[in-house]
Amino acid sequence: MVRNFAIQALLGGMFQVLMFPLILFLAAGTLAWPAAWIFLVLLYGFVSVTARWLSRRNPGLLEERMSMFKSGQSERDRLFVPLVVVCMVWLALMPLDAVRFHWSWVPVWLQVVGALALIGSFVFMFLAFRENGYLTPTVRIQKEREHKVISTGLYQYVRHPMYSGFLLFFVGTALLLGSVYGLLFALVLCGLFAWRAVREEHTLLVGLPGYDAYMARVHYRLIPRVW
């Protein structure tokens with residue numbers, strides 16, 4: 001039963017990720033792009049490991065992450081879903097910049113730094129999944145699962161380690177793929193995710209008992225000693 005669910009979840013996750021190679025290589029106009037292949041290997045590896053782990057430890061969370069919309073999510077969060085479209089525009093911009101039109105150039109050593117940042121982002125995200133069984137893609141109070149405050153692991157240092165991982169993901173991906181314009185766009189995405197973290201906390205403060213005390217103990221949202 002667990003094995004069948006793992007296979008279904010893995011296939012579902014891979015289906016969601018198929019948009020990445022389609023957008024990258026169609027926009028680039030070629031398959032001969034080593035940086036993109038490195039990116040995809042790292043991405044698929046992370047998705048595979050995480051899906052398998054969640055299928056064993058928290059299949060309910062894995063199932064919920066396969067859906068963008070859930071009952072009980074706030075209207076504010078539902079309106080933020082178009083961020084996914086913005087991310088796809090960002091993904092298409094990078095191959096246009098780095099491969100098809102060569103608008104900008106990134107040295108190899110910075111691409112290596114980007115690959116390391118990307119790996120670091122996946123580590124952050126996996127550790128966040130490991131600690132927080134309520135880490136759904138949309139913001140809602142999960143009363144049916146007795147939602148409670150998580151304050152262990154990375155949550156001892158920042159209140160939104162998953163979003164911290166996304167910041168590294170955006171910057172690391174742009175550097176690895178060799179796109180300065182993608183990096184500038186990544187900074188915009190980082191700002192949008194920071195804005196979402198603030199909005200998410202409004203929901204948690206109102207609906208999740210103990211979150212105000214947690215905010216008083218852990219002062220930083222995304223980056224320790226910074227913000």
Legend entry - For residue 139, residues with placed amide H under 5 Å, excluding near neighbours: 74
Inset, instruction - Return the loop-located GluC sites (Glu not before Pro) in the stretch 119-227 (DSSP other than H, G, I, E, B) with at most 11 other Cβ atoms within 10 Å of their own Cβ; answer none if there are none. - result: 146
Legend entry - Amide H partners (placed H, <5 Å) of residue 132, local residues excluded: none
Legend entry - Derived scalar couplings ³J(HN,Hα) [the stretch 96-108; Karplus, 6.51 cos²θ - 1.76 cosθ + 1.60; whole Hz; x for Gly, Pro]: 4, 6, 7, 10, 6, 10, 6, 5, 9, 9, 10, x, 4
Legend entry - Karplus (6.51, -1.76, 1.60) ³J(HN,Hα), θ = phi - 60°, over the stretch 116-130, in Hz, Gly and Pro reported as x: 5, 5, 5, 4, x, 5, 5, 5, 4, 5, 5, 5, 5, 4, 5
Inset, instruction - List, in order, the whole-Hz ³J(HN,Hα) value for each residue of the stretch 50-57 obtained from phi through the Karplus relation with A = 6.51, B = -1.76, C = 1.60 and θ = phi - 60°; use x for Gly and Pro. - result: 5, 5, 5, 5, 5, 5, 8, 9
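Over all pairs of distinct alpha carbons, what does the Kirkwood formula give as the hydrodynamic radius of the stretch 78-227, in Å?
Working: mean 1/r = 0.0606 Å⁻¹.
For the stretch 78-227, inverting the mean 1/r across all distinct Cα pairs yields 16.5 Å.
Since every read-out is calculated from the coordinates, none of them should be taken as a lab result. It should be emphasised that the depicted structure is a prediction, and the values quoted were computed from it without experimental measurement. Reconstructed Cβ throughout: ideal geometry from the backbone, glycine too, with neighbour counts over all protein chains shown.
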